[in-house]
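Notes for the one structure printed next.
The values are calculated or read from the model by the stated rules, or taken from the named source; none is laboratory data. Every value quoted in this text rests on a predicted model; they were computed, and no experiment measured them. Positions of Cβ are backbone-derived with ideal geometry, glycine not excepted, and every protein chain shown enters the neighbour counts.
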Amino acid sequence: MKKNRVAIIGSGIVGITTAFELAQRGYQVSVFDQNQTPAEEASFANGGVISPGYVAPWAAPQMPKRVFGDLWSRYASTLISWPSWEQTKWLAAAVKNSNIEPFWLHRGVMQRLALKSQNRMKELSNQLRIEYERQSGYNIIYRSNKSWQSALDALPYLSALGINHKVMEPSEFSDLEPALESSTKWIGAIHLPDDEVANCRQFAIALKNECEKIGVEFHHKSRIAPLSAANPKSLVTSDQGVRTFDQVVICAGMGSSALVANLPIRLPIVPVYGYSLTALIREPLDAPRCGLMDENYKVTISRMGNRIRVAGIMEFSQKPHHQHPKAIQTLYKVLDDWFPKASDLSQQIQIWKGARPMLAKGSPIVSGTEVDGIWVNVGHGSSGWAMSCASAQVLLELMEDPSKSKDWPELALKP
């Protein structure tokens with residue numbers, strides 16, 4: 001098969017992993033991004049969680065009750081403040097997808113992708129000797145009896161997937177995380193020794209350098225006009241005029257819908273804003289050894305080299321640059337509950353807010369489209385880092401053999 005010229009729009013973690021897989025197979029790849037450097041948007045300062053054992057759709061059976069409770073809570077994992085009409089419709093679709101059957105269907109898809117992605121990421125890290133901040137092990141801590149019982153009920157599912165896990169009581173947790181605050185009350189934890197937290201942006205930049213070694217061209221600060229119905233594979237760029245390709249792959253996150261607005265392609269993606277707080281570690285012995293998820297607040301605590309990062313929150317609003325005080329307050333609370341001595345929070349604090357391109361069903365779209373030669377790899381939400389390498393592999397498989405779509409029917413773009 002003759003390898004052809006492929007344009008990838010977007011250089012977040014999904015775009016860069018896609019570029020690498022295609023280039024390694026012999027495609028002539030050019031990557032376009034409106035930002036100055038790679039991974040400046042959803043991939044910039046996320047929680048860094050790579051956890052096949054925990055990845056799941058936000059639209060879970062308990063989600064509607066959780067969202068309603070957050071409206072009146074001092075600390076909240078979900079914030080809804082004047083959402084757009086599209087976000088409102090999305091929330092209604094998410095409620096529909098929170099029923100047990102669709103939830104488990106898409107959780108299974110996401111976990112299959114995350115396991116495949118984790119294996120590929122380890123291969124690339126070892127083969128290419130990529131260095132980036134990473135910590136092995138992930139702990140999910142449960143504060144309530146009800147959530148703990150739900151976690152225990154799901155353990156046979158983890159076993160069926162071959163995901164290594166261990167049930168832990170508070171009394172035996174001190175050897176694993178000696179710095180964990182003893183006064184904070186909790187019921188139990190699931191320890192996932194093979195999962196990890198790692199710096200997504202560092203990996204993306206390192207893999208971009210490897211892409212360039214095998215011939216990938218990167219064009220940053222390059223805006224792409226919406227694809228035209230007449231010539232969808234001819235890109236009108238802000239810096240190079242018109243460039244024509246044999247295939248175009250959309251990996252542009254929240255910019256993806258606008259790029260295909262003139263085509264018979266509809267991407268039901270909305271921005272759901274997440275937050276992170278990053279601070280220097282004051283005393284390494286007071287910081288976490290592994291990643292930690294506070295299941296009650298859906299907030300993760302990660303160790304990134306000499307820094308600690310607290311990340312989470314789902315905010316539906318029309319204010320991309322406004323940092324909601326309640327979101328920041330929740331992040332500080334979770335850090336103080338579990339590792340209050342880890343950092344000096346009076347200095348060098350980075351607060352980040354980013355738009356995560358999410359689909360109501362949870363699993364992403366990795367698919368061909370009605371327009372010949374136009375592909376999409378979008379909608380990974382807060383799990384883009386965990387599913388990126390596998391999504392790139394799946395897209396490559398589909399481009400080489402469209403019949404492979406039968407292996408991943410849930411990832412197909414629906415009319």
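Looking at the structure I just gave you, is Glu217 outside the structural domain of Leu335 (by TED's automatic domain parsing), in contact with a strand residue (DSSP E or B) (Cβ under 8 Å, 6 or more places away or on another chain) and farther than 30 Å from Leu105 by Cβ?
yes
I'd like to verify a number: residues in the stretch 70-84 that are surrounded by 13 or more Cβ atoms within 10 Å (Cβ to Cβ) and either touching a residue at least 60 places away in the same chain (Cβ under 8 Å) or among the charged types (D, E, K, R) (or both), how many?
Result for the stretch 70-84: 9.
Before we move on, is Asp336 in contact with an Asp or Glu (Cβ under 9 Å, 6 or more places away or on another chain) and either modelled with pLDDT under 95 or of a type in the set (Asp, Glu) (or both)?
yes
Before we move on, is Arg266 touching a residue at least 24 places away in the same chain (Cβ under 8 Å) and farther than 30 Å from Glu123 by Cβ?
No, not satisfied.
For the stretch 88-117, how many residues are surrounded by 17 or more Cβ atoms within 10 Å (Cβ to Cβ) and under 24 Å from Ala355 (Cα atoms)?
Of the residues in the stretch 88-117, 14 are surrounded by 17 or more Cβ atoms within 10 Å (Cβ to Cβ) and under 24 Å from Ala355 (Cα atoms).
Do the conditions hold for Glu40, that is, is it of a type in the set (Asp, Glu), free of Cβ contacts under 8 Å to residues at least 60 places away in the same chain and closer than 28 Å to Arg201 by Cβ?
Judged against the criteria, Glu40 is a match.
Can we say Lys221 is modelled with pLDDT of 95 or more, surrounded by fewer than 17 Cβ atoms within 10 Å (Cβ to Cβ) and not polar (S, T, N, Q)?
Yes: the conditions hold for Lys221.
Can you go through Asn209, Asn199 and tell me which one is in contact (Cβ under 8 Å) with a residue 60 or more places away in the chain, out of contact with any helix residue (DSSP H, G or I) (no Cβ under 8 Å at 6 or more places or on another chain) and under 30 Å from Asn126 (Cβ atoms)?
One residue alone meets the criteria, Asn199.
Which one is surrounded by the most Cβ atoms within 10 Å (Cβ to Cβ), of the residues in the stretch 159-186 that are over 14 Å from Cys290 (Cα atoms) and of a type in the set (S, T, N, Q)?
Thr184
Which pairs have Cβ atoms under 7 Å, sit 6 or more apart or on different chains, and link a residue in the stretch 239-262 that is assigned by TED's automatic domain parsing to the domain that holds Glu217 to one that is among the charged types (D, E, K, R) and surrounded by 14 or more Cβ atoms within 10 Å (Cβ to Cβ)?
Thr244/Lys233; Phe245/Arg5; Phe245/Lys233; Asp246/Arg5; Asp246/Lys233; Val248/Lys233; Gly253/Glu41
Report, by residue number, each residue of the stretch 129-158 that is loosely packed, with under 12 Cβ neighbours inside 10 Å and either hydroxyl-bearing (Ser, Thr, Tyr) or within 26 Å of the chain's Cα centre (by Cα) (or both).
If the condition is that a residue be loosely packed, with under 12 Cβ neighbours inside 10 Å and either hydroxyl-bearing (Ser, Thr, Tyr) or within 26 Å of the chain's Cα centre (by Cα) (or both), then Arg129, Glu131, Asp153, Pro156 are the ones that fit.
Hey, does the stretch 16-30 have a residue that's of a type outside the set (A, V, I, L, M), over 30 Å from Gly373 (Cα atoms), modelled with pLDDT of 95 or more and buried (at least 20 other Cβ atoms within 10 Å of the Cβ)?
no
Ala179: of a type in the set (A, V, I, L, M, F, W, C), closer than 27 Å to Arg307 by Cβ and either in a loop (DSSP other than H, G, I, E, B) or over 22 Å from the mean Cα position of the chain (by Cα) (or both), yes or no?
The answer is yes for Ala179.
Is it the case, given these coordinates, that Ser222 is more than 26 Å from the chain's Cα centre (by Cα) and not in a helix (DSSP H, G or I)?
When the stated conditions are applied, Ser222 does not pass them.
Within the stretch 272-286, is even one residue in the same structural domain as Gln348 (by TED's automatic domain parsing), buried (at least 20 other Cβ atoms within 10 Å of the Cβ), free of Cβ contacts under 8 Å to residues at least 60 places away in the same chain and touching a Leu at 6+ places or on another chain (Cβ under 7 Å)?
No, the conditions are met nowhere in the stretch 272-286.
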